[in-house]
Amino acid sequence: MGCVRKRFLSSMPYWYYEKKELKDTPSFHDGIDFETESRYRKEGARFIIDTGTKMDLGYNTMATGVVYFHRFYMYHSFKTFPRYVTACCCLFLAGKVEETPKKCKDIIKIASELLSKNKFQTFGDDPKEEVMTLERILLQTIKFDLQIEHPYSFLLKYAKCLKGDKAKLEKMLQMAWTFVNDSLCTTLSLQWEPEVIAVALMYLAGKLSKFEVVDWAGRQPNHLRWWDMFVEGVTMDLLEDICHQVLDLYSQPQQPNSPDSPPMSLTSSTKRELKSVPIVAQPIARLSPVKPIQPIVTGAKLKTDLKSQTDGPGLPPTSVDVVPSQYSYPPGVTSYTNSSFSAQPFPQNVPLQSTSNSSSYPPSYPPSYPPAQANSQYLPPSKSHHPQPQQPPSSQFYPASQSSFSSSYQPQ
Amino acid sequence: MPFNSDEPKPSFQPSNKVKVMSKPMPPPSRGGSYMGQPRSGGTSGMEGSMSVNSIMTTKEKQKYIEDYNFQYCDEASKYEKIAKIGQGTFGEVFKAKDRKTQKKIVAMKKVLMDNEKEGFPITALREIKILQLLKHENVVNLLEICRTKATLSNRYKTTFYLVFDFCEHDLAGLLSNINVKFSLGEIKKVMQQLLNGLYYIHSNKILHRDMKAANVLITKTGILKLADFGLARPFSFSKNSAPNRYTNRVVTLWYRPPELLLGDRNYGPPVDLWGAGCIMAEMWTRSPIMQGNTEQQQLTLISQLCGSITPEVWPGVDSLELYTKMELPRDQKRKVKERLKPYVKDPFACDLLDKLLVLDPSKRADSDSALNHDFFWTDPMPCDLSKMLAQHTQSMFEYLAPPRRPGHMRPHHQQAAVINPTAARATTSSVESGYQDRVF
Ligand SMILES: Nc1ncnc2c1ncn2[C@@H]1O[C@H](COP(=O)(O)OP(=O)(O)OP(=O)(O)O)[C@@H](O)[C@H]1O
Ligand SMILES: [Mg+2]
């Protein structure tokens, strides 16, 4: 299961952990139980996203900040460093690293607006100095390993290869994008490379939006699944595990002692359905062998014929019958899928303010906290499509620390 | 440092990551979250158990920081400072020795944080990101980043150092020492390595933007390393999209190409090749060939050497921001070969210089074509520098050298005194340091 990990990057700090390592953290040793730590991580991540969104920061900046945050707490306890100060600090540093710098005092100002008085007190008498001091600690903790890759770019890359109805593909991509946004609140970035997370959440989005991938550009005879082209040794077990870590976000059980951890906004019956529905309807064994690395074929070389929607050999049956037809999950998907894609901002189509009467996450902000608007900066800007160089430099120009993982997916 | 915040955001992705297909898919146009939104109320519950007073006091935290062993960031005290070898806007540079092995020699560049209102300087972050990306024989090697321990005496403010493999000389130091004589083959070796380094960094979509002799290091074995990525940045070609708007306030004036002087903000790798041309000429002239005091004067000097700047020789130059604002000498003939010939006897060298010092950046030689020039493939072939360097047992750095006397190209510019931060820096520093750094 761990075969796709970057174990061989020995010169770099190793930022991927086993699940049991994630339960053996400084916070845990400091008397904070796993559930509470998970909640702190989620709240910190969410706070980074909310603050970043309010400041018009891009999705890469926010995601980088969140990854710093998760890494930081693999070395320090939530008791030593209160999460909202750390969150601000991570966003502050990520802003500079991603060339979208924001003034420290402006970040703190937003934080003071978003947080309750009680929580903002953790910033102390001199909030700016608190963040500055923490920045030096953060930099040392993350070993100046500043450049972080996120699943977003891989979603785009993968989507470009998938064939099928364009509108459906876009919807699927959109859904996957949102899952990646939400996955920041989990510790997935501490477990798997962005490539793997992108594959898993695109797979999940495909299931939920009923976009069946039957053909893709660059397909080789030994490719059973589209992602065989991009990642090796990803089993269905692994995919299911990753998807469930994200889905669990929407189904946090109400903890009586923890009003900070809200229940999900779905009805409990939907929840039960969700939990019982296997995402994977296919035995794993057929898919697990490691495929030889295949070249990624560029669009110019693509066959243009669209394969029929029938399942090819080795492909699982479509999941449509496994998923209940009244499947109303994630919230708002129905209205969202019916909506015109390019018209309204996403949240206007999605009832994020749940119609159910259960509370939703995170509840800990003061009442004044506005409902998040899908800020356009949180979305992929079209200018992220840098024209590629005519001739990509040969792979020898990429230092091992940066490229060895991805270069193994490059054309030979 | 003149790195404007109005610069566009570079996407600092190694450019080979996402393959753009011939017909790019539109990116998802919407986003957001499927998670519920914050509900009014509730700041109670668990929050109480993690209330403010259960968090460390400042004292406790200071102690924690002092005692914490950052396993990924070693203490600077593992190195023993030997000598100061450089001083820049960004910080001091020291030569130092590994205490444990007593062997490994490094250069430590201090990250100046004193007057930083915004924490760790973004310029230093850029330099670190770029140095982490670039690993090549002809690029200075960043070994690690070290810290000083946060203690009461430094008000718990850690200082950071970038630690590099030590290089015994910089090219400015070597050129200012008349006892250092380069043969034609050795000059070829220097230029070949310099262009190799540029080819590599440009292939990685990085612009150096501060080419000059002091930023070119040479080890005692004769390996050249491009250094000082304090002004470097990633670049992209803007083909269909909006043009880039990089700052044009880069590159030390004497090495600054005409497009920057005319306010171009959508420049690219050719800016570094202009600098390479200036450095190449300097291999013979031994001092910078065009030492302007002002941007206007620098443009005049360039016109006197490379000919008048006109839309005829440089289509589109008239659309550059400062084209009409600057006074551009007219009816100047191009005299690159003619004026450099007295110094640069070799005709192939003159020809390559003529192709590097081209006004129009789109016609200027790139590193690849320069490397293919006959200069590098005719006798005498590029030859090893280590023998020549072995005759010199002292490190030669610009910082330690007496100020270079700009005498050689005298006839071509009128100004008497060279007023330039670089020269001024060298003057004062050699006086105050007063020592010569012995290496071997
Ligand atoms: N690795 C090294 N080995 C030997 N000397 C070095 C090394 N790195 C730097 N130096 C010396 O220190 C001088 C200054 O270093 P560098 O150019 O990196 O910083 P700087 O000029 O202060 O930076 P900036 O231009 O960003 O202000 C160089 O000109 C060189 O003489
Ligand atoms: Mg320098």
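Using a 10 Å cut-off on Cβ atoms, rank the peptides B:170-182, B:203-215, A:215-227 from the highest mean neighbour count down.
Top to bottom by mean Cβ count within 10 Å: B:203-215, B:170-182, A:215-227.
Give me the distance in nm between label points sitting 7 Å out from Cα along the Cα-to-Cβ direction at A:GLN121 and A:ASP33, one decimal.
Output for this residue pair reads 2.5 nm.
Choose one of A:SER153, A:THR141, A:VAL131: the residue whose Cα lies farthest towards the positive end of the charge dipole of the range A:96-237 (beta-carbon charges +1 Lys, Arg; -1 Asp, Glu; about the Cα centre).
About the Cα centre, the residue reaching furthest to the positive side is A:SER153.
Cα extents of the range B:142-192 along the three principal axes, largest first, in whole Å?
56, 22, 11
Straight distance only, please: which aspartates and glutamates reach the Cα of B:LYS97 with their own Cα at less than 17 Å, same-chain residues fewer than 8 apart left out?
Partners within reach: B:ASP74, B:GLU75, B:GLU80, B:GLU144, B:ASP165, B:GLU168, B:ASP437.
Please tell me the relative contact order of the range A:148-257 in percent, rounded to the nearest whole number, where contacts are Cα pairs under 8 Å and at least six residues apart.
Averaging sequence separation for qualifying contacts and normalising by length gives 34 percent for the range A:148-257.
Beyond 16 Å, what percent of the Cα pairs of the range A:21-140 remain?
Details: 3971 of 7140 pairs.
That fraction is 56 percent.
Tell me, what is a quarter of the convex hull surface for the C-alpha atoms of the range B:74-120, in nm² with one decimal?
Answer in nm², one decimal: 3.7.
Determine the principal axes of the Cα atoms in the range A:93-132, then give the extent along each, sorted from largest to smallest and rounded to whole angstroms.
Here the Cα extents, ordered largest to smallest, are 32, 19, 12 Å.
For the range A:112-138 and the range B:126-171, what is the separation of their Cα centres, given in Å?
Cα centres, the range A:112-138 to the range B:126-171: 29 Å.
Calculate, in nm to one decimal, what B:SER362 and B:ASN179 gain on full extension: separation in residues at 0.36 nm each, minus their alpha carbon distance.
Additional length available on full extension: 62.0 nm.
Per q in 0.15, 0.23 1/Å, what log10 I(q)/I(0) does a Debye calculation on the alpha-carbon atoms of the range B:219-333 return?
For the requested q values the scattering log ratios are -0.74, -1.48.
To the nearest 20 Debye, how big is the dipole of the range B:170-276 about its Cα centre, given +1 on the beta carbon of each Lys and Arg and -1 on that of each Asp and Glu?
140 debye
Which entries in the list A:LYS166/A:LYS207; B:LYS95/B:LYS205; A:LYS19/A:LYS105 go over 27 Å, if you measure between the two C-alpha atoms of each?
B:LYS95/B:LYS205; A:LYS19/A:LYS105
Pairs of alpha-carbon atoms within less than 8 angstrom and 6+ residues apart define the contacts here; what relative contact order does the range A:88-161 have, in percent?
32 percent
Per-residue Cβ counts within 10 Å, from other chains only, averaged over A:97-109: what number is that?
So the per-residue partner count for this stretch is 3.
Restricting to lysine pairs 8 or more places apart or on different chains, what number in the range B:308-398 have Cα atoms under 28 Å apart?
Qualifying lysine pairs in the range B:308-398: 21.
Which trypsin sites (Lys or Arg not before Pro) from the range B:283-344 combine a DSSP loop assignment with at most 16 other Cβ atoms within 10 Å?
Hits after loop and neighbour filter: B:LYS325, B:ARG330, B:LYS333, B:LYS335.
What are the GluC sites (Glu not before Pro) within the range B:69-139 that DSSP puts in a loop, where the Cβ has at most 15 other Cβ atoms within 10 Å?
Working: sites: B:GLU75, B:GLU80, B:GLU92, B:GLU116, B:GLU118, B:GLU127, B:GLU137; in loops: B:GLU116, B:GLU118, B:GLU137.
Here the sparse-neighbourhood loop sites are B:GLU116, B:GLU137.
Per-residue mean of other chain beta-carbon atoms within 10 angstrom of the beta-carbon, peptide B:123-132?
Taking the mean over all residues of the peptide, I get 4.
Provide the buried accessible surface between chains B and A in square angstrom, both chains summed, 1.4 Å probe, rounded to the nearest 100.
Result for this pair: about 9400 Å² buried.
Which value, in debye to the nearest 20, describes the size of the charge dipole of the range B:98-187 about its Cα centre when Lys and Arg Cβ atoms bear +1, Asp and Glu Cβ atoms bear -1, and nothing else is charged?
Working: 15 positive and 11 negative charges, 107 e Å.
About 520 debye.
I'd like the mean, over residues of B:68-75, of how many other protein chain beta carbons sit within 10 Å of each residue's own Cβ. Could the numbers behind the result be given before it?
On the way: counts 6, 0, 7, 5, 10, 8, 1, 0.
Whole-number average of other-chain Cβ neighbours for B:68-75 is 5.
Express the Stokes-Einstein translational diffusion coefficient of the range B:279-370 in µm² s⁻¹, to the nearest whole number, given a Kirkwood radius over alpha-carbon pairs, 10 °C and a viscosity of 1.306 mPa s.
Approximately 113 µm²/s, per Stokes-Einstein.
Based on alpha-carbon positions alone, could you give the equivalent ellipsoid semi-axes of the range B:110-212 from the gyration tensor, as √(5λ), descending, whole Å? Intermediate results must be reported in sequence, preceding the final value.
On the way: eigenvalues 217, 65, 28 Å².
Sorted largest first and rounded, they come to 33, 18, 12 Å.
Given 0.36 nm per residue, what is the gain on full extension from A:LYS168 to A:GLU113 after removing their alpha carbon distance, in nm?
Using 0.36 nm per residue and subtracting the Cα-Cα distance, I get 15.9 nm.
Under a point-charge model restricted to the Cβ atoms of Lys and Arg (+1) and Asp and Glu (-1), what is the dipole moment magnitude of the range B:290-368 relative to its Cα centre, in debye to the nearest 20?
In debye, rounded to 20, the range B:290-368 gives about 360.
Peptides B:303-310, A:81-88: what's the order by average Cβ count within 10 Å, highest mean first?
Values: B:303-310: 20.1, A:81-88: 25.5.
For the peptides B:303-310, A:81-88, the packing ranking is A:81-88, B:303-310.
First measure r as the distance between the Cβ atoms of B:GLN391 and B:LYS337, then evaluate 1/(1 + (r/R0)^6) with R0 = 30 Å and state the FRET efficiency to the nearest 0.05. Intermediate results must be reported in sequence, preceding the final value.
Working: r = 32 Å, r/R0 = 1.07.
That gives a FRET efficiency of 0.40.
Tell me which of B:PHE120, B:HIS169, B:LEU152 sits at the most positive position along the dipole axis of the range B:84-173, charges placed on C-beta atoms (Lys, Arg +1; Asp, Glu -1).
Looking along the dipole axis, the top candidate is B:LEU152.
Just grab the label-to-label distance for B:GLU92 and B:THR58, each label 7 Å out from Cα along the Cβ direction, in nm (one decimal).
With each label point 7 Å from Cα toward Cβ, the separation is 2.9 nm.
Is there a pair in A:LYS23/A:LYS119; A:LYS79/B:LYS59; A:LYS42/B:LYS129; B:LYS117/B:LYS157 whose C-alpha atoms are over 18 Å apart, and which pairs would that be?
A:LYS23/A:LYS119; A:LYS42/B:LYS129
The values are calculated or read from the model by the stated rules, or taken from the named source; none is laboratory data. The structure presented is a predicted model; accordingly, all values stated were derived computationally and were not measured. As a convention, Cβ positions derive from the backbone with ideal geometry for all residues, glycine included, and neighbour counts pool all protein chains shown. Calculation scope for accessible area: heavy atoms of the full protein, side chains included, ligands and nucleic acids excluded. Shrake-Rupley method; radii C 1.70, N 1.55, O 1.52, S 1.80 Å.
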